[in-house]
Amino acid sequence: MAKPTLQAVRGMNDLLPADTGTWQYLENELSKLLKAYGYREIRFPILGKTELFKRSIGEVTDIVEKEMYTFDDRNGDSLTLRPEGTASCVRAVLQHGLLNEGIQRLWYMGPMFRHERPQKGRYRQFYQIGAEVFGLSGPDIDAEMIMMTARFWQVLGIKDVRLHLNSLGNADSRSRYREALVEYLQSHEDQLDADSQRRLFTNPLRVLDSKNPEMQAIIEAAPRLGAYLDESSSEHFAGLCQRLDAAGIAYTLDDRLVRGLDYYSDTVFEWITDSLGAQGTICAGGRYDALVSQLGGKPCPAIGFAMGLERLVEMLASGSEVVQNPHVYFVGVGDMVQLPMQILAENLRDQIPGLCMVTNSGGGSFKSQFKKADRSGASIALIMGEEEQAQGEVAVKFLRDSSAQQQKVAQTELSGWLANELQLTVTKD
């Protein structure tokens with residue numbers, strides 16, 4: 001069969017019904033955990049002013065230079081599809097004065113956009129769930145956030161992950177380190193690739209993030225940022241490590257971990273897996289204590305993280321299947337029972353809030369309806385014919401248990417019977 005002429009944009013994928021059960025499970029579990037730690041959801045627009053992302057992410061970054069979807073609207077304003085969530089979250093917090101209300105623990109979820117080469121685990125429209133905390137400066141919140149992400153993997157049953165940790169230091173530390181790094185890189189300038197030469201004076205720390213195999217020996221021999229941390233940054237990082245040690249969370253100190261956005265300072269971290277090939281980072285974040293003031297607010301410490309949902313879905317799919325089938329399929333035989341069946345189905349939905357039930361629509365013979373019931377994946381078929389309706393009953397057939405006998409249940413007792421069989425709760429009148 002020929003492919004349709006109109007297809008989705010390359011790197012922007014449809015999520016089909018067979019897959020959305022896993023997505024909903026993942027989103028629900030993560031949002032419940034975030035709520036349990038005191039985070040509240042915030043939602044902000046997909047579009048933002050281009051200036052916002054340039055000022056926050058950094059103009060000399062791959063995201064801003066190569067990957068943003070940017071265009072002028074009809075008023076001539078430069079707008080960008082959000083490439084990440086932190087900048088928009090900070091903008092919203094400042095615009096609505098949320099920092100005047102004290103410490104803020106916020107989370108968000110939704111699509112982000114980057115014009116990258118599509119590959120497994122990396123798409124041009126991709127989904128993230130992220131969290132940000134404003135107003136706390138100590139290592140205790142850094143530790144709690146990392147502990148919370150560790151709990152994500154525990155709840156989801158994801159085991160093949162490891163934590164990498166580093167400190168980028170504060171502005172003074174990085175300034176001293178930057179001078180030493182530039183001096184070192186200049187001495188090897190003829191060996192640097194084009195991107196690294198271009199960033200040598202504008203953003204030298206990004207050179208350390210290069211994935212070019214020919215650059216790795218030079219990067220490995222470069223000065224270590226840890227040697228340039230001042231007392232304040234060193235104490236902060238030591239306090240974080242002490243808390244993670246006490247909590248039994250293993251980590252690798254990675255002094256080449258710099259992250260790809262300019263706003264980070266002090267703590268940075270990544271959760272990495274080997275099960276997804278080259279796209280191994282599934283969650284990453286860190287401190288960005290200067291970003292709020294950089295975007296026009298009063299100085300305010302902040303920390304956050306984001307995780308790519310496509311990569312988590314891939315990890316869930318490889319280890320377990322999340323099935324999205326109805327509990328019940330309701331079969332109605334005969335024209336006279338169609339309305340009573342529909343009314344009874346609505347009453348059952350009122351009485352059992354967690355019930356997932358498909359009521360047959362469009363008519364059809366008993367045989368054809370029963371085929372639909374079986375294909376639906378439901379565990380129970382309810383059957384109402386004219387005889388059952390006259391007697392105030394419903395026939396019940398177990399579709400997945402061949403040893404269970406078909407039986408009849410009074411319509412007045414059906415909600416309690418179903419709730420007991422499906423282990424759901426009945427709403428009291």
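Readers should treat all values here as calculations from the given coordinates under stated rules, not as data from a laboratory. These numbers were taken from a predicted model, which means no experiment stands behind them. Neighbour counts are summed over all protein chains in view; Cβ atoms, including those assigned to glycine, are modelled from backbone coordinates with ideal geometry.
In the calculated pair distance distribution of region 372-429, what percentage of Cα-Cα distances lie above 13 Å? Mind dumping the intermediate values first?
Details: 1077 of 1653 pairs.
Everything past 13 Å amounts to 65 percent.
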Alpha-carbon centroids, region 204-247 and region 76-118: separation in whole Å: 27
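Cut-off is 10 Å between beta-carbons; in what order do 74, 91 appear when sorted fewest neighbours first? Don't jump to the answer; show the numbers that get you there.
Working: 74 5, 91 20.
Starting with the residue having the fewest Cβ neighbours, the order is 74, 91.
Give the percent of DSSP beta bridges with both residues in region 328-422 that are antiparallel, rounded to the nearest 5. If you can, show how the numbers build up before the last one.
Working: 8 of 16 bridges.
Bridges in region 328-422 are about 50 percent antiparallel.
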Assigned charges on the beta-carbon of Lys, Arg, Asp, Glu; the chain dipole about Cα centre (debye): 640
Radius 9 Å from Cβ of residue 57, net charge of other residues (Lys, Arg +1; Asp, Glu -1): -1
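Average the reciprocal distances over every distinct pair of alpha-carbons in region 328-422, invert the result, and give the Kirkwood radius in Å. All intermediate terms of the calculation are to be shown ahead of the outcome.
Details: mean 1/r = 0.0756 Å⁻¹.
One decimal place: 13.2 Å for the Kirkwood radius.
Counting other Cβ atoms within 10 Å, which trypsin sites (Lys or Arg not before Pro) in region 103-154 have at most 14 and lie in a DSSP loop?
Working: sites: 105, 114, 120, 122, 124, 151; in loops: 114, 120, 124.
When the trypsin sites (Lys or Arg not before Pro) of region 103-154 are filtered for loop state and at most 14 Cβ neighbours within 10 Å, 120 remain.
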Proximal lysines to residue 298, defined as alpha-carbon separation beneath 30 angstrom and excluding residues fewer than eight positions away on the same chain: 35, 49, 54
Residue among 86, 145, 11 farthest towards the positive dipole end of the chain, charges placed on Cβ: 11
Among 385, 360, 340 the positive-end extreme of the charge dipole of region 328-422 (Cβ point charges): 360
Karplus (6.51, -1.76, 1.60) ³J(HN,Hα), θ = phi - 60°, over region 304-309, in Hz, Gly and Pro reported as x: x, 8, 9, 9, x, 6
Mean ellipticity per residue at 222 nm, deg cm²/dmol - from DSSP H runs of n ≥ 4 across the chain, formula -39500 (n - 2.57): -11000 deg cm²/dmol
Cα Rg over Rh - the chain, Kirkwood: 1.10
Amide hydrogen neighbours beyond the local backbone of residue 265, cut-off 5 Å, H modeled: 287, 288, 289
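Sort 148, 336 by Cβ crowding within 10 Å, fewest neighbours at the top. Intermediate results must be reported in sequence, preceding the final value.
On the way: 148 16, 336 13.
Ranking 148, 336 by Cβ neighbours within 10 Å, fewest first, gives 336, 148.
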Vicinal HN-Hα couplings computed from phi for region 161-168 (Karplus, 6.51 cos²θ - 1.76 cosθ + 1.60; Hz; Gly/Pro x): 9, 9, 9, 10, 9, 7, 10, 8
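Within a Cβ distance under 9 Å of residue 44, other residues only, what is the Lys/Arg minus Asp/Glu net charge? Intermediate results must be reported in sequence, preceding the final value.
Working: positive: 43, 82, 91; negative: none.
Charge balance near residue 44 sits at +3.
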Cα-centre dipole for region 353-429 with unit charges at Cβ (Lys and Arg positive, Asp and Glu negative), debye to 20: 400
Residue-by-residue Karplus 3J(HN,Hα) for region 119-124, coefficients 6.51, -1.76, 1.60, Hz, glycine and proline x: 7, 4, x, 9, 10, 7
